[in-house]
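A quick write-up on the structure given underneath.
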Amino acid sequence: MSGVRLLVGTRKGAFVLTADGRRTKWSVDGPHFPGWEIYHVKGSPADPDRLYASQSSGWFGQLIQRSDDGGKSWEAVGNEFTYEGEAGTHQWYDGTPHPWEFKRVWHLEPSPGDPDTVWAGVEDAALFRSTDGGTTWQELSGLRGHGSGPSWAPGAGGMCLHTILPDPVDSARMFIAISAAGAFRTDDGGETWKPINRGLRSEHIPDPEAEVGHCVHRLAMHPSRPEVLFMQKHWDVMRTDDAGDNWREVSGNLPTDFGFAIDVHAHEPDTVYVVPIKSDAEHFPLDGKLRVYRSRTGGEEWEPLTKGLPQSDCYVNVLRDAMSVDTLDACGIYFGTTGGQVYASADAGDSWTTVVRDLPAVLSVEAQTLP
Amino acid sequence: MIRVVLPRPLCAVAGAERELVLEVAEPVTQRTVLDALEARYPTLRGTIRDHVTKERRPFVRFFACARDLSHEPPDTPLPEQVVHGDEPFLVVGATAGG
């Protein structure tokens with residue numbers, strides 16, 4: 001019988017949660033790397049037992065861990081992330097130039113076709129690639145070398161490259177997003193990049209045509225339709241139908257359009273999920289009610305999904321990498337909270353159960369569908 | 001032989017006990033001890049000092065013989081008691097973060 005494995009990164013370690021295809025009974029394995037911040041764990045689409053984990057600490061820096069047995073055992077691989085050439089400067093919070101400094105890996109994106117190829121999105125924002133299973137890393141410096149680089153500035157969480165979406169149809173195309181520079185696209189395998197932020201409106205940017213500076217929180221794509229992207233921006237849920245050349249707002253009837261996480265149903269390209277958060281000053285759900293919102297129309301029209309989720313006194317956050325879907329027939333959707341809960345729905349969001357409720361603050365959740 | 005004590009979080013990374021014994025060619029300095037440590041446990045590279053500049057990470061401290069050696073130049077000879085293995089060279093994660 002098929003099954004699901006959830007790879008959960010938290011402030012104090014990683015956890016591997018597994019269930020069979022019914023997704024009713026879960027086993028919890030962990031913590032792996034106890035005490036360390038695990039920003040992200042993700043499996044290779046080409047080999048589900050090949051996992052990569054980003055392990056970091058303010059004391060001892062960055063490590064990358066690799067597993068070849070689905071998370072039962074791990075091996076520390078390469079952790080040298082050196083910017084290509086002169087590192088240069090970006091803009092600091094006060095507008096002054098600040099040297100580019102590597103801090104951590106936010107997101108690991110294994111290649112769709114090769115278990116040994118994996119991209120890493122890092123803070124200060126840059127994109128690295130390994131083609132030897134994480135042993136060595138090379139920067140794709142055309143991104144940071146884009147002319148706008150010196151004007152990029154950090155968001156409140158740091159200047160992080162947090163989203164990496166390889167185009168499943170065109171292997172030369174990839175989308176990435178940076179807080180708070182915006183979204184970028186390459187059409188030549190990462191050699192050159194263009195900002196794709198036309199149509200975004202941000203209160204703190206007076207110029208409506210600004211090429212960069214937008215605080216993009218997360219991008220999501222359905223693999224069957226890679227030219228359509230959904231974005232949870234700092235404020236606003238956005239959509240593009242032309243691979244980012246133009247964006248339009250699809251927040252519609254959401255009660256608040258601030259948030260971090262966004263994802264797309266595995267089998268319905270126009271079914272989108274977000275978790276509205278009250279505001280950038282109050283990082284918790286509106287009215288203390290934890291509600292996932294689902295649109296079946298590609299945005300604009302949203303419905304709250306509440307069955308099984310706390311509807312009073314809930315003041316957690318759901319971070320940008322902390323939502324994921326499986327690919328079983330009845331699409332499963334999962335998310336983790338800063339309160340340490342992981343919630344699962346085996347019916348596309350209609351109802352929810354608590355997989356585990358007292359983990360450290362959850363930073364990331366990735367679902368793997370197992371044969 | 002030089003005795004080195006690792007902070008607990010790095011023991012798991014290295015797959016090592018807290019206290020290690022290393023053979024270090026003279027002169028015995030912070031740099032040569034850390035070179036030997038990283039050669040024997042490559043997964044520790046980048047966790048104690050920067051990969052490229054070899055500068056100590058800000059929240060890592062070095063102690064020996066009840067002295068804080070963190071701000072000593074890396075090529076300064078370590079105390080004789082460390083060189084003779086009577087006292088360990090301590091790598092310590094700073095108390096920080098509340």
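Reachable lysines from A:Lys25, Cα under 28 Å, same-chain residues fewer than 8 places away excluded?
A:Lys12, A:Lys42, A:Lys72, A:Lys289, A:Lys307
Which cross-chain or sequence-distant (5 or more) residues have an amide H under 5 Å from the amide H of A:Trp193, H modelled 1.01 Å from N in plane?
Here nothing satisfies the definition.
Once phi is turned into ³J(HN,Hα) by the Karplus curve 6.51 cos²θ - 1.76 cosθ + 1.60 with θ = phi - 60°, what whole-Hz value does each residue of the stretch B:13-22 show in order, with x for glycine and proline?
5, 7, x, 9, 6, 5, 9, 10, 10, 10
Would you please classify the overall shape of the stretch A:3-370 from the alpha carbon gyration tensor, given that a ≥ b ≥ c denote the square roots of the eigenvalues, rounded means a/c under 1.5, and beyond that prolate means a/b larger than b/c while oblate covers the rest?
Because its axes are fairly even, with a/c under 1.5, the stretch A:3-370 counts as rounded.
Looking at the stretch A:1-107, which chymotrypsin sites (Phe, Trp or Tyr not before Pro) are DSSP coil and have at most 13 other C-beta atoms within 10 Å of their C-beta?
Passing both the DSSP loop test and the Cβ count: A:Trp92, A:Tyr93.
How far apart, in nm, are two points set 7 Å out from the Cα along the Cα-to-Cβ line at A:Arg11 and at A:Asp347?
It works out to 3.4 nm between the two label points.
Can you classify the stretch A:265-371 as rounded, prolate or oblate using the Cα gyration tensor, where a ≥ b ≥ c are the square roots of its eigenvalues, rounded means a/c under 1.5, and otherwise it's prolate if a/b beats b/c and oblate if not?
oblate
Placing +1 at every Lys and Arg Cβ and -1 at every Asp and Glu Cβ, with all other atoms neutral, what dipole size does the stretch A:3-370 have around its Cα centre, in debye to the nearest 20?
1020
At a threshold of 8 angstrom on Cα-Cα distance, excluding pairs fewer than six apart, so keeping six or more, what relative contact order does chain A reach in percent?
12
In the stretch A:268-371, which GluC sites (Glu not before Pro) fall in coil by DSSP and have 14 or fewer other Cβ atoms within 10 Å?
Loop-located and lightly packed - A:Glu282, A:Glu301.
Restrict the search to the stretch B:2-98; then list the trypsin sites (Lys or Arg not before Pro) that DSSP places in a loop and that have at most 16 other Cβ atoms within 10 Å of their Cβ.
Those that pass, being in a loop and sparsely packed, are B:Arg18, B:Lys54.
Once the Cβ-Cβ distance between B:Arg31 and B:Cys11 is put in as r, and R0 is 22 Å, what FRET efficiency do you end up with, to the nearest 0.05?
For B:Arg31 and B:Cys11, the calculated efficiency is 0.50.
With a sphere of radius 11 Å drawn around the Cβ of B:Cys65, what net charge do the other residues whose Cβ falls strictly inside it have (Lys, Arg +1; Asp, Glu -1)?
My count for the surroundings of B:Cys65 gives -3.
Going by the alpha-carbon gyration tensor, a ≥ b ≥ c the square roots of its eigenvalues, is the stretch B:2-93 rounded (a/c under 1.5) or, if a/c is not under 1.5, prolate (a/b greater than b/c) versus oblate?
Rounded.
Which FRET efficiency value, to the nearest 0.05, do you get for B:Arg40 and B:Ala94 by plugging their Cβ-Cβ distance into 1/(1 + (r/R0)^6) with R0 = 30 Å?
Step by step, r from the Cβ atoms, then E = 0.80.
Taking the Cα centroid of the stretch B:16-50 and of the stretch A:229-290, what is the distance between the two, rounded to the nearest whole Å?
Measuring centre to centre over Cα atoms gives 48 Å.
FYI, it's all coordinate maths here, none of it is from the lab. Bear in mind the structure is a predicted one, so any value in this text is a computation, not a measurement. Cβ coordinates were reconstructed from backbone atoms using ideal geometry, including for glycine residues, and neighbour counts include every protein chain displayed.
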